[in-house]
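*Asks:* Submitted below is the structure of interest, expressed as structure tokens.
The values are calculated or read from the model by the stated rules, or taken from the named source; none is laboratory data. Treat the numbers as computed from the prediction; the structure is a model and nothing was measured. Glycine gets a Cβ as well: all are built from the backbone with ideal geometry, and neighbour counts include every protein chain shown. Just the protein is used for accessible areas: all its heavy atoms, side chains included, with ligands, DNA and RNA removed. Shrake-Rupley method; radii C 1.70, N 1.55, O 1.52, S 1.80 Å.
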Amino acid sequence: MEIWNEILGNQVLVCSVAGWTVAQVLKTIIDVVLNRSFNPERLFGSGGMPSSHSATVCALTTASGLKYGVGSFEFAISFVVAMVVMYDAMGVRRETGKQAQLLKSVFFENILNLDGVLLQEKLKEYVGHTPLQVAAGAVLGIGMTLVISSFY
């Protein structure tokens, strides 16, 4: 039981995990509303609205700033990691998703008349984020931290 008390007493960890969890649940609900079907991959997968990556790192950064101060090395590390993660989500990972969509259409619609070439597995198209999805995740993570931190 002592370990659970320590984990739940760690404000930075609780805020970060809560940011991720709420973002994933919201992402799943939004997907169900838009597509009229439940896709369990949305509950744990990447991509979509809001960005759970942004929610997590922004919650981490905000909680670190509140707990240790914005002049601390904890805040500095969290801030740099948050910038890298959000930049990557909008850049490299978003482009990967676009490429997956293109390859899927090339192979499944056989645009290039490729005989005997098959995709061995389904490519994931939801791997990156639009700037709006990243911003929504950031606001969610910061907001979750401000609410949760009021209980510490």
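*Asks:* What are the pairs, 6+ residues apart or on separate chains, where a residue within the range 1-19 that is closer than 17 Å to Cys58 by Cβ has its Cβ under 6 Å from a residue that is among the hydroxyl-bearing types (Ser, Thr, Tyr) and open to solvent by less than 20 Å² (accessible area, probe 1.4 Å)?
*Replies:* Within 6 Å, the pairs are Val12/Ser64; Cys15/Thr145.
*Asks:* Given the structure, is Gly47 surrounded by 20 or more Cβ atoms within 10 Å (Cβ to Cβ) and either without any contact (Cβ under 8 Å) to a residue 24 or more places away in the chain or not in a helix (DSSP H, G or I) (or both)?
*Replies:* So Gly47 passes the test.
*Asks:* Thr56 - would you say it is modelled with pLDDT of 95 or more and closer than 23 Å to Leu26 by Cβ?
*Replies:* yes
*Asks:* Hey, another quick one. Considering only residues of the range 64-112 that are small (Gly, Ala, Ser), modelled with pLDDT of 95 or more and surrounded by 14 or more Cβ atoms within 10 Å (Cβ to Cβ), which is nearest to Ser51 (Cα to Cα)?
*Replies:* Among those residues, the one meeting the criterion is Ala82.
*Asks:* Mind telling me which of the residues Gly45, Gly69 ends up being among the small types (Gly, Ala, Ser) and under 13 Å from the mean Cα position of the chain (by Cα)?
*Replies:* None of the other options fit; the residue is Gly45.
*Asks:* Moving to a separate point now. Being farther than 27 Å from Val147 by Cα and in contact with a helix residue (DSSP H, G or I) (Cβ under 7 Å, 6 or more places away or on another chain) is the filter here, so list the residues in the range 32-55 that pass it.
*Replies:* Answer for the range 32-55, where residues must be farther than 27 Å from Val147 by Cα and in contact with a helix residue (DSSP H, G or I) (Cβ under 7 Å, 6 or more places away or on another chain): Phe38, Asn39.
*Asks:* Before we move on, is Val81 in a helix (DSSP H, G or I), under 15 Å from Thr145 (Cα atoms) and in contact with a Ser or Thr (Cβ under 9 Å, 6 or more places away or on another chain)? It would help to see each step written out before you state the result.
*Replies:* On the way: in a helix (DSSP H, G or I): yes; under 15 Å from Thr145 (Cα atoms): no; in contact with a Ser or Thr (Cβ under 9 Å, 6 or more places away or on another chain): yes.
No.
*Asks:* Same structure, new question: Quick one: would you say Ile29 is free of Cβ contacts under 8 Å to residues at least 12 places away in the same chain, open to solvent by 50 Å² or more (accessible area, probe 1.4 Å) and within 19 Å of Ser150 (Cα to Cα)?
*Replies:* In short, no.
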